[in-house]
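Have a look at the structure below before the remarks.
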Amino acid sequence: MKRDLLCILDLSGDEILHLLEWAVKLKDLQRRGIPHRPLVGKTLGLLLEKPSTRTRVSFQAGMYQLGGEVIFMSPSELQIGRGETIADTARVLSRYLDIIALRTYSHKTIEEFASHASIPVINALSDLYHPCQILADLVTIKESLGDWKGIKVAFIGDGNNVAASWANLAARLEMEVWFATPPGYEPPHDVVERAQKEGARIRVVHEAFQAVEGAQVVYTDVWVSMGQDGEREERLRAFAPFRVTPQLMEKANPGAIFMHCLPAHRGEEVTDEVIDGPASVVWDQAENRLHLQKALVLMLLEQI
C-alpha cells in the first residue's frame, strides 16, 4: 500500500529516527564521493505552485544523486492551470511517475491530490505544514548538539506552517517547544491541541525573552510569507518585538544554536549579527534538506 507524507504525524517516532539515520548515512556517502544510485529508472514529479530555491534544487539534486530523474512542473504548464481537476491530474500523473512532491498554497490541494494519486505524495510545503524542513532540521540539531532528547526549542515569530510542523514533531520526539508570537499570530489551535493530546510539551507565550530562556535552539522564520504581502505593514509592526538579536540569543542556553528555514529577510526577523554569527547553523540546515529528502524518497519507495 502506498505511503504519503503530508505532515510529520504521518510518521511514527521510530520512522523519524530511521529517516534521520539514513540521512546521515547518505550525507556521509556523498562527502566520501561514494555513489549510491538505487533509483535508476525511477522518476519524481516536482509540482510547484510557489517559487522555490531550496525545495526545488534539493529535490532535483537529490533524485539525480540517487540515480533517478525529475520532471519539473508548474500549474501554468499543465492542464490543471486551465481547469482540469486536481483528482484527474493526480490520476494521470500517477500513470507516468513513481513519486511526486507538491509545493502548494492550500493544504487541501495536497490532501485531495494524495487521495486520488496511486503513487506516494510528499508535502514539499503547504500553508499548514512544512514537514520536510523540520525533519531535515533534526539532522542539523543532532550534528550541532549531539542529540535532541530533552532539548528546548524556542520558535520566535509567526505561528505559520513551520511552527505547526514543530508542534507535530514535539508529539513524536522527546523535546519541549515554546512558541513566542504576537497575540493573534499563534500556531493553529487545533494543531497545538492535537499535539498536546499526543504528549507534546508545548507552550505558547507572547514574549520572546520568556520563550528563549534556557533554550538550546532559537528558531525563526519570515514575518511575511508568500501570499501575505497585503498584510506586510501590519505584520512588521506586530512582529517588531520578536526580532532575533544578539541580546535575545544571550538569554538562551550557553551554546544554543540559531536556526532559520530561509529565505531570510535580514533586519526584519533576524539581524545580520545573528544569522552570520557563530551560533548560526542555517547553511547546514539548507544542505541537510538534500540528505533528508533523499532518505524520505527512498523510504516512500520502499528502498530502505
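FYI, it's all coordinate maths here, none of it is from the lab. It should be emphasised that the depicted structure is a prediction, and the values quoted were computed from it without experimental measurement. Neighbour counts are summed over all protein chains in view; Cβ atoms, including those assigned to glycine, are modelled from backbone coordinates with ideal geometry.
Mind jotting down the distance between the C-alpha centroids of the range 87-129 and the range 144-214, whole Å?
Taking the Cα centre of each part, the range 144-214 and the range 87-129 sit 27 Å apart.
Spin-label point model (7 Å from Cα, Cβ direction): what's the ILE34 to SER74 distance in nm?
For ILE34 paired with SER74, the spin-label model returns 4.0 nm.
Place the peptides 239-246, 287-294 in order of packing, highest mean first, counting for every residue the other Cβ atoms within 10 Å and averaging per peptide.
287-294, 239-246
Anything over 23 Å Cα to Cα? Flag those among LYS149/LYS251; LYS25/LYS149; LYS2/LYS197; LYS27/LYS50; LYS27/LYS152; LYS152/LYS197, in the order listed. Could the numbers behind the result be given before it?
Details: LYS149/LYS251 21 Å; LYS25/LYS149 21 Å; LYS2/LYS197 27 Å; LYS27/LYS50 27 Å; LYS27/LYS152 26 Å; LYS152/LYS197 19 Å.
From LYS149/LYS251; LYS25/LYS149; LYS2/LYS197; LYS27/LYS50; LYS27/LYS152; LYS152/LYS197, over 23 Å: LYS2/LYS197; LYS27/LYS50; LYS27/LYS152.
Please get the size of the charge dipole for the chain, origin at its Cα centre, with Cβ charges of +1 on Lys and Arg and -1 on Asp and Glu, quoted in debye to the nearest 20.
Working: 32 positive and 41 negative charges, 166 e Å.
Taking the Cα centre of the chain as origin, the dipole is about 800 debye.
Residue by residue, what Karplus-based ³J(HN,Hα) values in Hz, rounded to whole numbers, does the range 257-265 have, using 6.51, -1.76 and 1.60 with θ = phi - 60° and x for Gly and Pro?
10, 9, 10, 8, 6, 6, x, 9, 9
Measure off 7 Å from each Cα along the Cα-to-Cβ vector at LYS2 and HIS206, then give the distance between these two points in nanometres to one decimal.
Each label point is offset 7 Å from its Cα along the Cβ direction, giving 4.5 nm.
Can you give the FRET efficiency for GLU112 and ARG237, using 1/(1 + (r/R0)^6), R0 = 45 Å, r = Cβ-Cβ distance, to the nearest 0.05?
Values: r = 36 Å, r/R0 = 0.80.
It comes out at approximately 0.80.
Near the amide H of GLY68, under 5 Å away, which other amide H atoms are found, from residues 5 or more places off or on another chain, if H is placed in the peptide plane?
Long-range HN contacts for GLY68: LEU39.
Among PHE209, PHE72, which comes first, then next, by fewest other beta-carbon atoms within 10 Å? Kindly include the intermediate steps, with their values, before the conclusion.
Working: PHE209 16, PHE72 13.
Neighbour counts put them in this order, fewest first: PHE72, PHE209.
As an exercise, use a Förster radius of 22 Å and the Cβ-Cβ distance of GLN228 and THR43 to find the FRET efficiency, rounded to the nearest 0.05. Before the final figure, lay out each step's value.
Details: r = 34 Å, r/R0 = 1.54.
Efficiency computed from Cβ-Cβ geometry: 0.05.
Using the alpha carbon gyration tensor of the range 133-285, what are the three equivalent-ellipsoid semi-axes (square root of 5 times each eigenvalue), largest first, in whole Å?
Values: eigenvalues 88, 74, 38 Å².
In descending order the semi-axes read 21, 19, 14 Å.
Arrange LYS27, LYS108 by Cβ neighbour counts within 10 Å, fewest through most, would you? Present the calculation step by step, with values, prior to reporting the outcome.
Values: LYS27 19, LYS108 13.
The fewest-first ordering by Cβ neighbours comes to LYS108, LYS27.
Based on other C-beta atoms within 10 Å, arrange SER76, SER225, SER58 from fewest to most.
On the way: SER76 9, SER225 16, SER58 23.
In increasing order of surrounding Cβ atoms, one gets SER76, SER225, SER58.
Please list, ordered by chain and number, the residues whose modelled amide H lies under 5 Å from the amide H of ASP127; skip anything fewer than 5 residues away on the same chain.
Those lying under 5 Å, H to H, from ASP127 are SER106, HIS107.
Karplus couplings for the range 39-49 from phi (6.51 cos²θ - 1.76 cosθ + 1.60, θ = phi - 60°), rounded to Hz, Gly and Pro as x?
9, 4, x, 9, 10, 9, x, 10, 10, 10, 7
Going by average Cβ neighbours within 10 Å, how do the peptides 29-36, 121-128, 248-255 rank, with the highest at the top? The partial results should precede the final answer.
Details: 29-36: 10.6, 121-128: 24.8, 248-255: 16.0.
So the order, starting with the most tightly packed, is 121-128, 248-255, 29-36.
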